[in-house]
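Peer 1: One structure is given below, represented as structure tokens, and several questions about it will come after.
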Amino acid sequence: MSKTRAAGNPLWTRPEGSSFTGSPSVGRADGTVDCSILVHGAVWRPQAFAWAVGLLLVLLSAAARACPGPAWPIDAIAPDVWLARAAEGEATPDNRGRVANLLVVRSQRRVWLLGSGPSPASARSLACQLRRDLGLEVTDVVAPWARPELVLGHRAWPGARRWAHADVRRAMQAQCAQCVERLRARLGPTAADLGEGDPVLLPSRLLTGDHGELGPLRWWRLRRSGDHSVTLWRLRRAPLWVAQGLLWGDGPPDARDADVAMQADSTDRLLWLAQLDGPAARWVPEQGGLLDTPAVAAQAAYWRRLSEAAREAALRGEVEGTPPPPGLAGLVAWETHPRHAMNWQRVMRQITDAMLDNGPR
């Protein structure tokens, strides 16, 4: 029997010349029975229907597993340790402000998160991925330093313990309001990720002093400036260090909002602290992939070169605005990086101001 497809419906066929009546089975030319049913003159095929139901179930399952917003790239970097990798560069509508690496550590029944992301919406996406893909529920969130791109996601984990050094909390309380508005401007059409109210949720559990231990981690307080403390972290069970706010892996380190002399001293300090780990030490930077000790040493040397060159330039009478001397960055890829030129201008300004302040009264 020849058949034609019912208009607009791939699951139904209608016998040619059908007057929309018929038997619940359709005979074939060879006398066998086709397992199809005529309903209102169209032939229903169970095999096609089963395929459609299966497809629908797959789509519903995928929808149930989907997480809101763009996905975070998440890499396993050690047993029970994962890196949620940041985009490189500045916060933009395209990257939704995800420009600071986050670290996830599972320790017995608790899951620690260093940094919480740039917005509640972005953090909810991460929480969904951790739950769906790794079976992890974050129990403790740490604010390593007061950078909005790193600490505005706390509201995604309302039941988690919120930790920070007391100095970091004070900086968040004093500066986050202005930082949030700057971040809103950078995010543009995606600023809705921050929500309509205040996205800042201050840490309630405070660390004090210069060093200590917290769960599976050891920590040290270091400084970027007089107003900005950062916390350096080391996994207690492995030579893995986390240096958000001090190290960068996608180019030269960033001196924005930093006192360059303090930033340089803190970089030297973290190298000294890690010397017992030797070549096994690995570092999670603010942006970019894991660093080894020679890469960290290159960043410490970079600050020394900039400071020495800026002092010599100031003594020659050069002023802020002059371009950095060629070859100063140390690495060819750093020479043309936007951060290098900005770092040079900041070093020049701070060196010149210090020389003026220390001059004759």
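The values are calculated or read from the model by the stated rules, or taken from the named source; none is laboratory data. Bear in mind the structure is a predicted one, so any value in this text is a computation, not a measurement. FYI the Cβ positions are ideal-geometry reconstructions off the backbone, even for glycines, and counts take in every protein chain you see. When the accessible area is computed, the model is the full protein with side chains, heavy atoms only, and any ligands, DNA or RNA have been set aside. Shrake-Rupley method; radii C 1.70, N 1.55, O 1.52, S 1.80 Å.
Peer 1: Given the conditions (1) under 14 Å from Val151 (Cβ atoms); (2) under 22 Å from the mean Cα position of the chain (by Cα), report the number of the one that Ser204 does not fulfil.
Peer 2: (2)
Peer 1: Please enumerate the residues belonging to segment 333-355 that are β-branched (Val, Ile, Thr) and either over 11 Å from Arg256 (Cα atoms) or open to solvent by 40 Å² or more (accessible area, probe 1.4 Å) (or both).
Peer 2: Hits for segment 333-355 are Thr336, Ile351, Thr352.
Peer 1: Turning to a different aspect of this structure: Going by the structure shown, is Arg224 open to solvent by 20 Å² or more (accessible area, probe 1.4 Å) and either in contact with a strand residue (DSSP E or B) (Cβ under 8 Å, 6 or more places away or on another chain) or of a type in the set (Lys, Arg) (or both)?
Peer 2: Working: open to solvent by 20 Å² or more (accessible area, probe 1.4 Å): no; either in contact with a strand residue (DSSP E or B) (Cβ under 8 Å, 6 or more places away or on another chain) or of a type in the set (Lys, Arg) (or both): yes.
Judged against the criteria, Arg224 is not a match.
Peer 1: Something else: Considering only segment 277-361, give the helices (runs of 4 or more DSSP H) lying wholly within it that have at least 3 residues that are over 18 Å from Leu247 (Cβ atoms) and among the charged types (D, E, K, R).
Peer 2: Details: elements: 293-315, 332-335, 338-357.
Passing ranges, in order: 293-315, 338-357.
Peer 1: What are the residue pairs meeting all of these: first residue in segment 288-307, first residue farther than 24 Å from Asp75 by Cβ, second residue open to solvent by 10 Å² or more (accessible area, probe 1.4 Å) and acidic (Asp, Glu), Cβ atoms under 6 Å, and 6 or more apart or on different chains?
Peer 2: Ala300/Asp268
Peer 1: Scan segment 65-76 and give yes if some residue there is under 16 Å from Leu240 (Cβ atoms) and without any contact (Cβ under 8 Å) to a residue 12 or more places away in the chain, otherwise no.
Peer 2: Yes, segment 65-76 has at least one match.
Peer 1: Please go through segment 128-170 and pick out each residue that is of a type in the set (A, V, I, L, M) and surrounded by fewer than 24 Cβ atoms within 10 Å (Cβ to Cβ).
Peer 2: Of segment 128-170, the ones of a type in the set (A, V, I, L, M) are 130, 134, 136, 138, 141-143, 146, 150-152, 156, 160, 164, 166, 168.
Correct list: Leu130, Leu134, Leu136, Val138, Ala156, Ala160, Ala166.
Peer 1: Look at segment 229-246 and say how many of its residues are under 21 Å from the mean Cα position of the chain (by Cα) and either part of a loop (DSSP other than H, G, I, E, B) or aromatic (Phe, Trp, Tyr) (or both).
Peer 2: Residues of segment 229-246 under 21 Å from the mean Cα position of the chain (by Cα): 229-235, 240-246.
If we keep only those that are either part of a loop (DSSP other than H, G, I, E, B) or aromatic (Phe, Trp, Tyr) (or both) as well, we get 233, 241, 243-246.
Of the residues in that region, 6 qualify.
Peer 1: Could you list, in sequence order, all residues of segment 194-211 that are farther than 12 Å from Thr231 by Cβ and not in a strand (DSSP E or B)? Before you say what the answer is, go through the steps one by one.
Peer 2: In the first step, residues of segment 194-211 are kept if they are farther than 12 Å from Thr231 by Cβ; the result is 194-202, 204-205.
Once the filter is applied, which keeps residues that are farther than 12 Å from Thr231 by Cβ and not in a strand (DSSP E or B), segment 194-211 yields Leu194, Gly195, Glu196, Gly197, Asp198, Pro199, Val200, Leu201, Leu202, Ser204.
Peer 1: Here is a follow-up. Identify, please: which residue in segment 247-276 is of a type outside the set (A, V, I, L, M, F, W, C) and assigned to a helix (DSSP H, G or I) and is, among those, surrounded by the fewest Cβ atoms within 10 Å (Cβ to Cβ)?
Peer 2: Step one: list which residues in segment 247-276 are of a type outside the set (A, V, I, L, M, F, W, C), which gives 249-254, 256-257, 259, 263, 265-269, 275.
In the following step, the residues that additionally are assigned to a helix (DSSP H, G or I) were identified as 263, 265-269, 275.
Numbers: Gln263: 28, Asp265: 14, Ser266: 26, Thr267: 23, Asp268: 15, Arg269: 16, Gln275: 9.
Filtering segment 247-276 for residues that are of a type outside the set (A, V, I, L, M, F, W, C) and assigned to a helix (DSSP H, G or I), the one surrounded by the fewest Cβ atoms within 10 Å (Cβ to Cβ) comes out as Gln275.
Peer 1: Let me ask something else. Among Glu213, Glu181, which is open to solvent by 20 Å² or more (accessible area, probe 1.4 Å) and within 25 Å of Asp254 (Cα to Cα)? First the steps, then the outcome.
Peer 2: Values: Glu213 fails: within 25 Å of Asp254 (Cα to Cα).
Exactly one of Glu213, Glu181 is open to solvent by 20 Å² or more (accessible area, probe 1.4 Å) and within 25 Å of Asp254 (Cα to Cα), namely Glu181.
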